[in-house]
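Below: the structure, in structure tokens.
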Amino acid sequence: MPLSPADEANGARRSGRALRKKQIAALMNAANQRPDLIDVLRKAREQLPGDPSFGDPLSVSGPGGARAVARAADKLVGDNPSAAREIGFGALQVWQAMLERVGRGKGGEEITVMFTDLVAFSSWSLTAGDEATLELLREVAKAIEPPIADRGGRVVKRMGDGVMAVFPSADRAVRAAVQAKRNLSQIDLRGYRPRMRMGLHTGSPREIGGDWLGVDVTIAARVMEAGGNGNTMLSEATLQSLEPETLAELGLTVKPYRRSFFAAPLSGVPEDLRIFRLSKN
């Protein structure tokens with residue numbers, strides 16, 4: 001049955017609207033993928049409050065409303081660069097910054113960072129084999145992680161034969177380090193007695209996605225590197241943050257660290273960084 005002139009006109013209008021929608025969608029998609037527009041929006045985010053890298057895997061994990069929305073948005077827009085992605089994460093970046101300013105976000109508080117590392121572990125594990133290596137790592141974890149948790153610390157990440165942990169105070173961190181070393185001294189795996197160096201530094205790194213990043217974290221790692229064959233090292237900032245009676249109660253004193261002539265200088269730390277070694281009275 002032939003269409004009436006009115007039906008033909010309505011059909012033509014619908015076809016025209018559908019065509020225009022497709023054309024608009026094609027234009028928007030093309031604009032969304034334009035590298036120059038994406039670059040402009042990305043640079044604009046650098047002028048906004050908050051972290052301009054908001055949206056990367058580090059910044060969208062962990063708790064928080066903005067992060068939860070960002071994870072959902074990331075699934076919708078995908079990993080590919082786009083104008084829509086930059087606009088969306090720009091808005092969430094500002095939201096997260098506002099939460100932090102009113103105390104609901106992360107970052108800003110002073111904490112003490114601890115790094116640990118087994119001395120000469122790699123060379124020992126090559127000859128000991130996988131089974132003995134895993135057994136040792138389990139024993140080490142049982143020795144050092146409970147003292148961390150018992151004193152209000154939190155293991156941020158495990159790095160093979162070492163950990164990174166954070167504490168709400170320098171005193172808690174030092175007490176945990178001392179007890180961990182005592183526990184470690186009881187380990188004897190088929191004649192092998194592990195030695196661990198530790199480094200503590202107090203500062204205000206930024207928490208992003210459950211991890212802690214920033215110069216203060218780098219300093220803590222370098223303080224640990226100064227520990228040589230199994231010493232516990234403190235930065236001057238940590239030493240100054242300790243309660244006056246803490247070291248005396250633990251039967252400890254501190255000695256200034258002096259880099260040996262042949263030791264490589266510590267990289268990525270302030271030139272005036274002072275480090276101290278914990279020592280028994």
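The values are calculated or read from the model by the stated rules, or taken from the named source; none is laboratory data. Remember, predicted model here, so these are calculated numbers, not experimental data. Counting neighbours? That spans all protein chains shown, and the Cβs are built from the backbone with ideal geometry, glycine included. These area figures cover heavy atoms from the full protein model, side chains too; ligands, DNA and RNA do not enter into them. Shrake-Rupley method; radii C 1.70, N 1.55, O 1.52, S 1.80 Å.
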Of residues in the range 229-238 being in contact (Cβ under 8 Å) with a residue 60 or more places away in the chain and farther than 14 Å from V113 by Cβ, the one nearest to the chain's Cα centre (by Cα): G230
Test: residue in the range 196-212 that is modelled with pLDDT of 90 or more, open to solvent by less than 60 Å² (accessible area, probe 1.4 Å), farther than 23 Å from L137 by Cβ and not small (G, A, S): yes
Scan of the range 145-161 for residues that are at pLDDT below 90 and either more than 18 Å from the chain's Cα centre (by Cα) or under 18 Å from S122 (Cα atoms) (or both), ordered by number: R158, M159, G160, D161
Considering residues of the range 170-195 that are of a type in the set (K, R) and not in a helix (DSSP H, G or I) only, the residue surrounded by the most Cβ atoms within 10 Å (Cβ to Cβ): R195
Residues that are at pLDDT 90 or above and not in a helix (DSSP H, G or I), drawn from the range 232-255: T232, M233, L234, S235, L242, E243, E245, G251, L252, T253, V254, K255
Exclusive hit being open to solvent by less than 60 Å² (accessible area, probe 1.4 Å), closer than 24 Å to L137 by Cβ and not small (G, A, S), set V223, V254: V223
1 or more residues among the aromatic types (F, W, Y): qualifying strands (runs of 3 or more DSSP E) within the range 108-169: 111-118, 162-167
Among (1) open to solvent by 40 Å² or more (accessible area, probe 1.4 Å); (2) part of a helix (DSSP H, G or I); (3) within 17 Å of I275 (Cα to Cα), the one test that N229 misses: (2)
Residue match in the range 77-84 (condition: in a helix (DSSP H, G or I), open to solvent by 40 Å² or more (accessible area, probe 1.4 Å) and at pLDDT below 85): yes
Residue in the range 236-247 that is more than 16 Å from L278 (Cα to Cα) and among the hydrophobic types (A, V, I, L, M, F, W, C) present: no
